[in-house]
Structures are given as structure tokens and as C-alpha cells.
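Reviewing the structure listed below.
The values are calculated or read from the model by the stated rules, or taken from the named source; none is laboratory data. Just so it is clear, the model here is predicted, and its values are computed rather than measured. Counting neighbours? That spans all protein chains shown, and the Cβs are built from the backbone with ideal geometry, glycine included.
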Amino acid sequence: MPGSPSVAAATVGWRFDNTYARLPEGFFARVLPAPVRAPAVVLVNHALGDAMGLATRALSAEDAAALFAGQMIPPGADPIAQAYAGHQFGGFTVLGDGRAILLGEHRTPDGRLLDVQFKGSGPTPYSRRGDGRAALGPMLREYVVSEAMHALGIPTTRSLAVVTTGEPVYRDRVLRGAVLTRVAASHVRVGTFEYFAAHRQVDALRTLVAYVVERHFPGLAGRPDAALALLAAVRDTQATLVARWMGVGFVHGVMNTDNMAVSGETIDYGPCAFLDRYHPDTVFSSIDHMGRYAYAQQPGIAQWNLARFAEALLPLLDDSRDAAIALAKEVVHAFPARFEAAWLAVMRGKLGLAEAHPDDGALAAGLLAWMEATGADFTNTFRALTTGAPGDGAPAKWLGEWRARLAAEGRTDADARDAMRRANPVVVPRNHVVEAALAAAERDDGGPLTALLASVTRPYEDGPWHDGQRGPAPEGAEPYRTFCGT
Ligand code: AMP
Ligand code: MG
């Protein structure tokens, strides 16, 4: 391995406190990242490193490559793969980190505890038939989209680095192997609870509830009904999260319960993509034949996933199964109202409305119906409203209703525009732009990727950094398809 373990990489500023690795046996397996032939840095997110109190800027390229390929395990790390299960496209499966290894949990200078996880770092006891590896394109894609989501203000896992391994990975063709370093509030998923529920390990379930409460919902600590309170809290964070996805036209693409983090962060960027033309039935994923995870299905699927979470928690809700089910139902059935409230708040923000009004839903729906009928670009339509540019905007009748609504708040659209510019991005990662940047990066031309990142990490400010990054897709482009890149 080039780049021997160096003092610099070890002392980059880690402050590990590996709470998950201290949970009982059965929650995880200890496993080290596989050795790789020739690690090389593609991207390091120094801004994130700074925020985490890590001196990534001081690392040599060689040390950074060794560190982020998992070839130099820093003192205090305790690498593990986590056990979990999940409903994938509706069917239950026992899974676990098949190609991810949690290096450890790092305490930031501002006191947050963050998972630092390698994705694509080799096989684990949970790999099943997989090789534990990842290809460069999908890891860069996760880096770009997660960092874009963060810049859009949407809770998400982050991306600290992408390195190539110097080794091939074999998919439908030979690809370049890569490792992503992912940073998350935690990697506990709905599927983590399902794992213990499926194995009828009620003590482990109770331990997991206490763990998640302490880590993510400390306000619920000590409550006798902690499991029920946790269910309600996760319902509310998911309702808010999915409403915010809808507000930027994000389609996650694979909302399996193992890809639903209880922290409320967006996680597992596989076949995700952003809408160009608005249509509620939009599906990008090549494997989502039934449109289960289409744009407009997302709130319903979040509720379906929440119901799986509730089922897993049943043994903790009440000694009587019937009573437990009644309690769970009440919480889960409140999801649509919570989502609606969160969605209306998002739409009011996008339309520059400061006050709630009974007709807000109809006003937003009116614009969306026009966009659907005309195939208008989602991002550009909303951004055009903030510029007051005529023509590219919305139909006169709708504009009239909207202006009347603003006037009722004592504002003109000019007054509202400032706030609207902070709610309606100039850019999202456009599918054709992302693909072109990834293809160039495959050929070791990092220019387009750098330009893309410079644009999508400043989405609300208009300026020359968005040149070449704006949509929509060129006329006549094929319908965009994403692949569950592994
Ligand atoms: P995903 O659809 O990416 O969320 O992955 C679903 C499950 O498959 C997870 O448990 C992953 O760890 C596992 N997995 C995906 N790709 C691989 C791979 N190449 N090798 C081993 N496990 C994998
Ligand atoms: Mg996953």
C-alpha cells in the first residue's frame, strides 16, 4: 500500500466516542475495511472537515487517500458493520451493512456526535452475495446530491470524501472501484428496529429505543411511553422531510424501510433524481417498474414505512397486543395531516406567503396543475416567480389569485421576492449535468464535477457559477433513467 500510516492522518483531529459499538452483541459485527491496491483522492470536502473539527486541509494527498480508503484506522476508531433488516419494494428481507463500515462516531467541536462511515470498503458478514464494493460513478453521485441537498437546507447525510481504490469492480461492465466517506447523525433505520422485531428480541428493541431517544430525541428520555413517543417523533420528522423533498422536486427512488433513517436525514442516494418537467407520476429508477416510489407516492410510502416501524415497536407499546395496535394506529393515522401541514408550510415559503390561509392548498395545487398540464420545469417555474419575469411564469389567472393573496397580507410580489429567493433554488443537480460530470470524472477530467459542485452548493444565490448548470434537459432528451448503482 502506498502511503504508510502517518502521524498526520492519525492526528487529523478525531474525537471518537463509539456509542453504537458499545451496544450488546448482535447489533453489529466488528470488521475492518479491506486492503486496496492504490487509493487515490478524487474529492475531499474540506468545508465539512472544517465544520467537524478535522484538519483535512493539512493532509497530504497520500495520507488523505489512505485515511479515506480505510487503509489507516485512526486510534480510537472501532470499525463495525451494523445489522438491520428492511422492507424492499414491499417485501421483508434481513440485510445489514453489506458494503459499508462505520469507522466510528466523531464528536464535533460544537458537540454533535456524527457517524463516519465508509461505503464500498469491502465485504462484511452481511454482504450476502455482494462484493462489498462500490463504483466511482454512484459514489460521486451520492457526494454531489447529498451536498446539494444540504445546501438546499434539507436534512441529509453528508459526504466527506471519495477515493478510488485502484481496483476494478465488476458490474454489467468493469468499473473503477471507489469508497465514499459518509457522515450521518446516525445510521439507525426503521429497518434496524425491524431486524430485532423479526428475531423477537424485545430486550434489544428496548435497548435500541433508549439508544435512539438519547441520541436523537433527548427530550423524550425517561418517559414511560418512550417507544410511542419515539414513533410520533419519527412520524413528524419524516413528514417534514418528505414535504421538503417535494418542495425541490426530489425523488428518492428507493424508499425502502432500510433507507429511512430515524434521525430524519435523507439517506442512501441510489437512483434518486430531481424533476425537470413537473409530473406527479415521475419515476426515474430503472428497477421501479410499478412506480411505487414515484414523486407523488412519497408521502404515502413514508406513512407505509412508518406503519412498519410501528409494527416493530408493538411489543413495547402495551402488554396487550390489541391495545398496542390501537395506540400505534392513532399515531400512524395522523401522518397525512402532519405531512399536509408540513407541505403547506413549504409551499407558502415558495410562494412568499407569511400567513396561513384556508385556500393555500388550492392556490399551490392550481399552480401545480398548470405545470403538469404544460410540462413546465419545476425548478425554473418557481424561480421565475421570484424574479417577476413575465412569460416564463404562470398563467395570468393564477398570477392574479396569487397577487390577491399577497395583497391580503399587505405585500406585493416585489416585497415577497426576497424571502422567495431563499425558498426557490436557481439550480438543483440536473440529471443531464450530473451524468456529464460523472462521465468526465470517470476519464479523470474533474472540471465539470468541480463546476457542478460549485453551483449546487450555492443554490439560492444567482450568479455566474450557475452557468451551464441550469435546466431543463435539452429538448428531445430521452426520459431520464437512473440505475440502483452499486
Ligand atoms: P441499498 O439498496 O443500496 O440501500 O442496499 C440494500 C442492501 O444491499 C444493503 O444492505 C446494502 O448493504 C446491500 N448491498 C448493496 N450493494 C452491495 C454490494 N455491492 N455488496 C454487498 N452488499 C451490498
Ligand atoms: Mg440502503
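Search the range 436-486 for residues being more than 16 Å from ligand 2 (Cβ to nearest atom), among the β-branched types (Val, Ile, Thr) and outside any loop (DSSP other than H, G, I, E, B), and hand back the single one that is farthest from Gly166 (Cα to Cα).
Val456
Only residues that are crowded, with 23+ Cβ neighbours inside 10 Å and over 17 Å from Arg112 (Cβ atoms): list them for the range 153-163, please.
Ala161, Val162, Val163
Is it the case, given these coordinates, that Arg292 is surrounded by fewer than 22 Cβ atoms within 10 Å (Cβ to Cβ), over 19 Å from Gly90 (Cα atoms) and not assigned by TED's automatic domain parsing to the domain that holds Gly86?
Working: surrounded by fewer than 22 Cβ atoms within 10 Å (Cβ to Cβ): yes; over 19 Å from Gly90 (Cα atoms): no; not assigned by TED's automatic domain parsing to the domain that holds Gly86: yes.
Spelling it out, it is not the case that Arg292 is surrounded by fewer than 22 Cβ atoms within 10 Å (Cβ to Cβ), over 19 Å from Gly90 (Cα atoms) and not assigned by TED's automatic domain parsing to the domain that holds Gly86.
Anything in the range 128-137 that is under 11 Å from Asp97 (Cα atoms) and under 22 Å from the mean Cα position of the chain (by Cα)? List them, or say none.
Gly132
Which of the residues spanning the range 147-180 are in a loop (DSSP other than H, G, I, E, B) and under 19 Å from Thr56 (Cα atoms)?
Thr157
So which pairs qualify, if the first residue must be in the range 62-89 and β-branched (Val, Ile, Thr), the second must be at pLDDT 95 or above, the Cβ gap must be under 6 Å, and the two must be at least 6 apart or on different chains?
Listed pairs, sorted by first residue: Ile80/Ala21; Ile80/Phe28; Ile80/Arg30; Ile80/Leu102.
For the range 69-108, give me the residue count where each residue is more than 9 Å from ligand 1 (Cβ to nearest atom), more than 30 Å from Met290 (Cα to Cα) and of a type outside the set (S, T, N, Q).
Looking only at that region, the number is 18.
Got a number for residues in the range 243-274 being surrounded by fewer than 24 Cβ atoms within 10 Å (Cβ to Cβ), of a type in the set (A, V, I, L, M) and more than 11 Å from ligand 1 (Cβ to nearest atom)?
Number of matching residues: 3.
For the range 265-323: of the residues being of a type in the set (A, V, I, L, M, F, W, C) and under 17 Å from Asn431 (Cα atoms), which is nearest to ligand 2 (Cβ to nearest atom)?
Just the residues of the range 265-323 that are of a type in the set (A, V, I, L, M, F, W, C), to begin with: 267, 272-275, 283-284, 287, 290, 294, 296, 301-302, 304, 306-307, 309-310, 312-314, 316-317, 323.
Filter once more, keeping what is under 17 Å from Asn431 (Cα atoms): 272-275, 283-284, 294.
Values: Cys272: 12, Ala273: 17, Phe274: 20, Leu275: 23, Val283: 18, Phe284: 17, Ala294: 19 Å.
Per the criteria, the residue is Cys272.
Arg129 passes all but one of (1) over 21 Å from Ala55 (Cβ atoms); (2) at pLDDT 95 or above; (3) surrounded by fewer than 17 Cβ atoms within 10 Å (Cβ to Cβ); which number fails?
Just one mismatch for Arg129, condition (2).
Confirm whether Arg176 is crowded, with 24+ Cβ neighbours inside 10 Å and within 16 Å of ligand 1 (Cβ to nearest atom). Full working, then the answer.
Working: crowded, with 24+ Cβ neighbours inside 10 Å: no; within 16 Å of ligand 1 (Cβ to nearest atom): yes.
The answer is no for Arg176.
Taking strands (runs of 3 or more DSSP E) that do not extend beyond the range 81-146, which have at least 1 residues that are within 18 Å of Thr164 (Cα to Cα), within 12 Å of ligand 2 (Cβ to nearest atom) and among the basic types (Lys, Arg)?
Once the strands (runs of 3 or more DSSP E) in the range 81-146 are filtered for at least 1 residues that are within 18 Å of Thr164 (Cα to Cα), within 12 Å of ligand 2 (Cβ to nearest atom) and among the basic types (Lys, Arg), what remains is 113-119.
Restricting attention to the range 61-77, does a residue exist that is in contact with a Leu (Cβ under 6 Å, 6 or more places away or on another chain), closer than 12 Å to Tyr20 by Cβ and of a type outside the set (Val, Ile, Thr)? Show your work before the answer.
Just the residues of the range 61-77 that are in contact with a Leu (Cβ under 6 Å, 6 or more places away or on another chain), to begin with: 77.
If we keep only those that are closer than 12 Å to Tyr20 by Cβ too, we end up with none.
There is no residue in the range 61-77 that is in contact with a Leu (Cβ under 6 Å, 6 or more places away or on another chain), closer than 12 Å to Tyr20 by Cβ and of a type outside the set (Val, Ile, Thr).
Quick check on this structure: which one of Met255, Met260, Met246 is touching a residue at least 60 places away in the same chain (Cβ under 8 Å), within 16 Å of ligand 2 (Cβ to nearest atom) and under 25 Å from Asn431 (Cα atoms)? Can you show your working first?
Values: Met255 fails: touching a residue at least 60 places away in the same chain (Cβ under 8 Å); Met246 fails: within 16 Å of ligand 2 (Cβ to nearest atom).
Just a single option satisfies the conditions, and that option is Met260.
Would you kindly identify the helices (runs of 4 or more DSSP H) lying entirely within the range 185-285 that contain at least 2 residues that are at positive phi?
Details: elements: 190-198, 202-216, 226-248.
Filter on the range 185-285 gives an empty set.
When you look at Ser159, is it in contact with a Phe, Trp or Tyr (Cβ under 6 Å, 6 or more places away or on another chain), among the small types (Gly, Ala, Ser) and touching a residue at least 24 places away in the same chain (Cβ under 8 Å), yes or no? Show your work before the answer.
Working: in contact with a Phe, Trp or Tyr (Cβ under 6 Å, 6 or more places away or on another chain): yes; among the small types (Gly, Ala, Ser): yes; touching a residue at least 24 places away in the same chain (Cβ under 8 Å): yes.
Considered against the rule, which asks whether it is in contact with a Phe, Trp or Tyr (Cβ under 6 Å, 6 or more places away or on another chain), among the small types (Gly, Ala, Ser) and touching a residue at least 24 places away in the same chain (Cβ under 8 Å), Ser159 comes out as yes.
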